[in-house]
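Participant: Okay, handing you the structure first.
The values are calculated or read from the model by the stated rules, or taken from the named source; none is laboratory data. Treat the numbers as computed from the prediction; the structure is a model and nothing was measured. Backbone-built Cβ (ideal geometry, glycine too); neighbour counts: all protein chains shown. Note: accessible area is taken over every heavy atom of the protein model, side chains too, but ligands, DNA and RNA are not part of it. Shrake-Rupley method; radii C 1.70, N 1.55, O 1.52, S 1.80 Å.
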Amino acid sequence: MPSRLKKLLIASSILVLTGCDSGDAPSLWKEYALSGAYSAAISDKGTYSSLGSFNHGGSLWRLEGHERLYNWNHKAKSYSIIAATAFSPDERYAATANQQDLVLWNTTTGQPEGFWSSPAEIMQMDLSPDGNFALLGLADHTAVYFDVKNGGVKRTFRHDARVRSVALSDDASLAITGSDAYQAKLWSVETGELLRTVSFSNVVDTVAISPNNRYAFSAGSLDKAMLWDVNSGEEIHTLSNIADFFQKRVSYLSASFSPDSTQLLTGSAAGLVQLWDVNSGSELRQWRVHKRDPYGPVHAGVYAVGFGQGKYYAFSSNGIMNELE
């Protein structure tokens, strides 16, 4: 079972016991995966979604009209377990990964442009501009900056535990990583220098960098979620509208900054999507993703969130894409 699914099941079971928040319903929802998904990503401009389904492996979808464009599996006539997926900032490329193999895809043609074996089990990944490099979070206590067009590791970022969350800045000058050593780390991609370290009380599930390279977001599993200053490493805001007793029982599985870096969208293991003001740290909106069984006890975790044109998107672990307005 992919590590992300294990994390979701543990977090969701605790969250069911600690209660939940209200939230608006999605304005529209569409089924992308009948039995649920292992992973998902939404492109920066809100044009595409890539996902790894339980039943049909990888696929690329156009969000406008919710059209399935391509099936993306790593072997012919078989369905791959896609444990991680990501888009380049320009949306020209996407990548899918099972636990050991990585494939780079052209989003226009749907054709593969690179197939590589990873140095270790892939936990999560992100892509650089033009799809030239992938930042891979690995189970062997490293993150690597991998050349997905020519092959080979350009840079290795060493950690004290598994690296389960990674993100690149839009210009690929900075990398942020979150590990099972309870730390989020900021790195220079060019030099490999460790620039900042932020500590948590649990494993770091989710990280993100704003497009203007000023802000970082990181969240610990069942722990705090915080915005911090990239230049100083200082905490700017702790993001929560939940009472202190429950705050340490929230797990954020996804996060995305708006194109102008003024807002942050987050998705939790309990199916809550929240829109935050970056400057004030205040919550602007909240939604609940669609549940297949409205009376069931278990929420669907939010694997990916994204900004669209006048709307927001959230893909949940039950295989449903939610439009939020």
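Participant: Using θ = phi - 60° and the Karplus relation 6.51 cos²θ - 1.76 cosθ + 1.60, list the HN-Hα couplings for region 22-31 in order, rounded to whole Hz, with x at every Gly or Pro.
Facilitator: Once rounded to whole Hz, the list reads 6, x, 5, 7, x, 6, 7, 9, 9, 7.
Participant: Moving on to the next point. In whole Å, what is the distance between the alpha-carbon centres of region 150-192 and region 71-117?
Facilitator: 21 Å
Participant: Could you tally the net charge around A33, taking each other residue with its Cβ under 14 Å from the Cβ of A33, Lys/Arg +1 and Asp/Glu -1?
Facilitator: Here the count lands on +2.
Participant: Okay, moving on. Over the chain, with a Gaussian network built from C-alpha contacts below 10 Å, which listed residue (A120, A314, A143) shows the highest mean-square fluctuation?
Facilitator: So, out of A120, A314, A143, the one fluctuating most is A120.
Participant: Net charge near V103: determine it from the other residues with C-beta under 13 Å of the C-beta of V103, scoring Lys and Arg +1 and Asp and Glu -1.
Facilitator: That sum, taken over residues with Cβ under 13 Å, equals 0.
Participant: Sum -39500 (n - 2.57) across every DSSP H segment of at least 4 residues in the chain, then divide by the residue count to get the 222 nm mean residue ellipticity, nearest 500.
Facilitator: -2000 deg cm²/dmol, from helical runs alone.
Participant: Same structure again: How are the alpha carbon pair distances in region 28-158 distributed across 10 Å bins from zero to the largest one, expressed in percent?
Facilitator: Here the calculated profile for region 28-158 is 14, 48, 31, 7, 0.
Participant: Here's another thing I want to ask about it. Can you tell me the order of 152-159, 167-174, 91-98, 26-33 when each peptide is scored by its average per-residue count of other Cβ atoms within 10 angstrom, highest first?
Facilitator: 91-98, 167-174, 26-33, 152-159
Participant: To continue, here is another question. Indicate the gyration tensor shape class of region 49-124 (rounded, prolate or oblate), computed on the Cα atoms with a ≥ b ≥ c the square roots of the eigenvalues: a/c under 1.5 is rounded; otherwise a/b larger than b/c is prolate and the rest oblate.
Facilitator: Verdict is prolate for region 49-124.
Participant: For a label point 7 Å from the Cα of R285 along Cα→C-beta, name the residues of region 193-231 whose backbone N is under 20 Å from it.
Facilitator: Zone members listed by number: 211.
Participant: Oh, and also: Can you tell me the accessible area per residue over the chain, all protein chains present, probe 1.4 angstrom, in square angstrom? Don't skip to the answer; put the middle values down first.
Facilitator: Working: 12730 Å² over 325 residues.
Using a 1.4 Å probe on heavy atoms only, each residue of the chain averages 39 Å².
Participant: Further question: Which one, (i) 21.3; (ii) 20.3; (iii) 19.1, gives Kirkwood radius over Cα pairs in Å as derived from the coordinates shown?
Facilitator: Label of the calculated value: (iii).
Participant: Separate question: So, by mean Cβ neighbours within 10 angstrom, what's the order for 250-257, 48-55 with the highest one leading?
Facilitator: Highest-to-lowest ranking by the protection proxy: 250-257, 48-55.
Participant: Can you tell me the length gained on complete extension of the stretch K75 to K311, counting 0.36 nm per residue apart and subtracting the Cα distance?
Facilitator: 81.4 nm
Participant: Here is a follow-up. State the percent of C-alpha pairs, over all pairs in region 68-223, separated by a distance greater than 23 angstrom.
Facilitator: Cα-Cα pairs in region 68-223 separated by more than 23 Å: 33 percent.
Participant: For a test of understanding, tell me how many lysine pairs in the chain have Cα atoms under 22 Å apart, given they are 8 or more places apart or on different chains.
Facilitator: 17
Participant: Residues of region 179-203 with the amide nitrogen closer than 20 Å to a label point 7 Å from the Cα of E235, along Cα-to-Cβ, please.
Facilitator: Taking a point 7 Å out along Cα→Cβ of E235, the residues of region 179-203 whose backbone N falls under 20 Å are 179-186, 196-203.
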